[in-house]
Amino acid sequence: MSDHQWHPETLSVRAGSEHTAYGENSEAMFLTSSFVFNSAAQAAARFGGQEPGNIYSRFTNPTVTMFQNKLAALEGAEFCVATSSGMSAILACVMGVCSAGDHVVASRSIFGTSVQLFSNILKRWGLETTFVSLTNPDEWKAAVKSNTKLFFVETPSNPLTEICDIALLADIAHEAGVLLAVDNCFCSPALQKPLELGADIVVHSATKYIDGQGRCLGGAVLGRKEILEPVYGFLRTAGPTMSAFNAWVFLKGLETLHVRMEAHARNALELASWLEQQPGVARVYYPGLASHPQHELARKQQKSGGAIVSFEVKGGQEAAWKLIDATKMISITANLGDAKSTITHPATTTHSRVSPEARAAAGIGDGLVRIAVGLEHIEDLKADLALLAKSL
Ligand SMILES: *Cc1c(COP(=O)(O)O)cnc(C)c1O
């Protein structure tokens, strides 16, 4: 059995686990800021790097290391560094790969706070970003300059679930000598493995499906060790690292990742198909539906359509708000990746800082509603949205 390769489901449950002398079956949570040494000489060897081992929890922590090793096994990555949030994962990725004077090309439809990070904060530090269409490879090619270091993309996009061909974009990046980073938060490694498709870096908000129950903030950056070294260097120096407590919650969350993602996606597909039949709905966006313009690409690249379903209601913002306010069970919140289904009106929440013109250009209408489909029974979800059975 020694060369038997574990399946992804088994890696979720088993990979990365280590045990102390107590023989605990569930991983231990090491709530300690520092680690003690046997002698002054050992302390010197640890600090000098001649002896491996823990020194201080901003550098390494055994619970965080177990989480990193489990997620690396799931993404097929050589190396993983855990961070305090998804945003600090994206920041650490850029800090490790880019310097002042460099240039980044990013998809226009990335997470709203990521847009702010690139276009406001990193810009002040001399990093320039060009935003292009997620689905048009020619725009990526045309945006490359002599100082371009990084392509940054998120697929499927939020909230319209547009898909980017990761393998194609990786080829374009590599031809130009640029690294491709993919935010894999919406799919998780259970549904999509960007590194296998040619991406160089994966970033995660562990806050979402890795946790799976909406408890903790966290993130991760994954890829080859050579690329990740400076990312880790930034983290241990600047400090937005993951806490041992959060790492422990994410370790437990990952154990059920595959069964959860399958159940999320099954519910989402059934809900999306039902929504397509409702008189109050003008259009449904879900990659698992045959009506999705990139359904074939989604099938090739993802294991399923995922759990984010968006739809345009007839009657604009008034009708969208009426539907949201009529729900009794689904949580009105912009978070996603939770066992609890959530509902949000992108135009007035997640995308309210985008100008109405830019929103219209991106196709985010005033009647658009996004549901992150949870694990409740499908009939209860439909019942909570029963208003759609008539025109709103
Ligand atoms: C939530 C989210 C982030 C940011 O993660 P935090 O953990 O909230 O910092 C980044 N990218 C995507 C796609 C997200 O959904």
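Quote the relative contact order of the range 258-389 in percent (integer), defining contacts as alpha-carbon pairs under 8 Å separated by 6+ residues. Please list the in-between numbers first.
Working: 225 pairs, mean separation 40.6, N = 132.
The value is 31 percent.
Keeping all protein chains in place, calculate the accessible area per residue for the chain (probe 1.4 angstrom), answer in Å².
That works out to 44 Å² per residue.
For the cross-link pairs Lys208/Lys390; Lys70/Lys303; Lys193/Lys252; Lys300/Lys390, which exceed 30 Å when the distance is taken from alpha carbon to alpha carbon? Write down the numbers at each step before the final one.
Numbers: Lys208/Lys390 33 Å; Lys70/Lys303 20 Å; Lys193/Lys252 21 Å; Lys300/Lys390 36 Å.
Pairs exceeding the cut-off: Lys208/Lys390; Lys300/Lys390.
Please compute the contact order of the range 1-148 in relative form: average sequence separation of alpha-carbon pairs under 8 Å and at least six residues apart, divided by the residue count, as a percent. Please report the intermediate quantities before stating the final value.
Numbers: 137 pairs, mean separation 26.0, N = 148.
In percent, rounded to a whole number, it is 18.
For Ala389 and Lys300 in one chain, what is 0.36 nm times their gap in residues minus the Cα-Cα distance, to one decimal in nm? Don't jump to the answer; show the numbers that get you there.
Details: separation 89, 0.36 × 89 = 32.04 nm, distance 3.33 nm.
Net length gain for the segment: 28.7 nm.
What's the FRET efficiency of Thr348 with Glu78 using the Cβ-Cβ distance as r and R₀ = 41 Å, to the nearest 0.05?
Values: r = 42 Å, r/R0 = 1.04.
The calculated FRET efficiency here is 0.45.
Contour minus end-to-end for Asp171 and Lys322, with contour as 0.36 nm per residue of separation and end-to-end as the Cα-Cα distance?
Values: separation 151, 0.36 × 151 = 54.36 nm, distance 4.55 nm.
Result for the pair: 49.8 nm of gain on full extension.
Have a look at Cys80, Cys187, Cys98 and tell me which one the Gaussian network model of the chain (Cα, springs below 10 Å) gives the largest fluctuation.
In the Gaussian network model the winner is Cys98.
How large is the dipole of the range 258-389 about the Cα centre if only Lys and Arg carry +1 and Asp and Glu carry -1, each at its Cβ, rounded to the nearest 20 debye?
Details: 14 positive and 14 negative charges, 61 e Å.
That gives the range 258-389 a dipole magnitude of about 300 debye.
Using just the alpha carbons, could you tell me how many Å³ per residue the convex hull of the chain encloses?
Numbers: hull volume 60.6 nm³, N = 392.
For the chain, the hull spanned by Cα atoms encloses 155 Å³ per residue.
Roughly to the nearest percent, how much of the accessible area of the chain is carbon and sulfur, given a 1.4 Å probe?
On the way: 9270 of 17120 Å².
With neighbouring chains kept in place, the figure for the chain is 54 percent.
Go through Asn267, Gln277, Pro240 and say which Cα lies farthest out towards the positive end of the charge dipole of the range 209-281; charges sit on Cβ, +1 for Lys and Arg, -1 for Asp and Glu.
Pro240
Please state the relative contact order of the chain as a whole percent: Cα pairs under 8 Å, 6+ residues apart? Intermediate values should be presented prior to the final figure.
On the way: 788 pairs, mean separation 65.8, N = 392.
With pairs under 8 Å counted, the relative contact order is 17 percent.
Can you give the charge dipole size of the chain about its Cα centre, rounded to the nearest 20 debye, using +1 on the beta carbon of Lys and Arg and -1 on the beta carbon of Asp and Glu?
Values: 32 positive and 38 negative charges, 141 e Å.
Roughly 680 debye for the chain.
Which of the listed residues, Thr349, Ala361, Val309, is farthest toward the dipole's positive end in the range 258-389, when Lys, Arg count +1 and Asp, Glu count -1 at the beta-carbon?
Most positive-ward Cα: Ala361.
Charges only on Cβ, +1 for Lys and Arg, -1 for Asp and Glu: so what's the dipole of the range 185-291 about the Cα centre, in debye to the nearest 20?
Values: 10 positive and 9 negative charges, 42 e Å.
In debye, rounded to 20, the range 185-291 gives about 200.
Using Cα centres only, tell me the gap between the range 54-69 and the range 286-301 in whole Å.
About 39 Å separates the Cα centre of the range 54-69 from the one of the range 286-301.
Using label points projected 7 Å from each Cα along Cα→Cβ, tell me how many nm separate Ala238 and Ser26, to one decimal.
If labels sit at Ala238 and Ser26, their model points lie 3.5 nm apart.
I'd like the distance separating the alpha-carbon centroids of the range 105-147 and the range 174-250, in whole Å.
Their Cα centres are 19 Å away from one another.
The values are calculated or read from the model by the stated rules, or taken from the named source; none is laboratory data. Quick caveat, the model's predicted, so the values are computed rather than measured. Cβ: placed from backbone, ideal geometry, glycine included. Neighbour counts: every protein chain shown. Just so you know, the surface numbers come from the protein's heavy atoms only, side chains and all, with ligands and any DNA or RNA stripped out. Shrake-Rupley method; radii C 1.70, N 1.55, O 1.52, S 1.80 Å.
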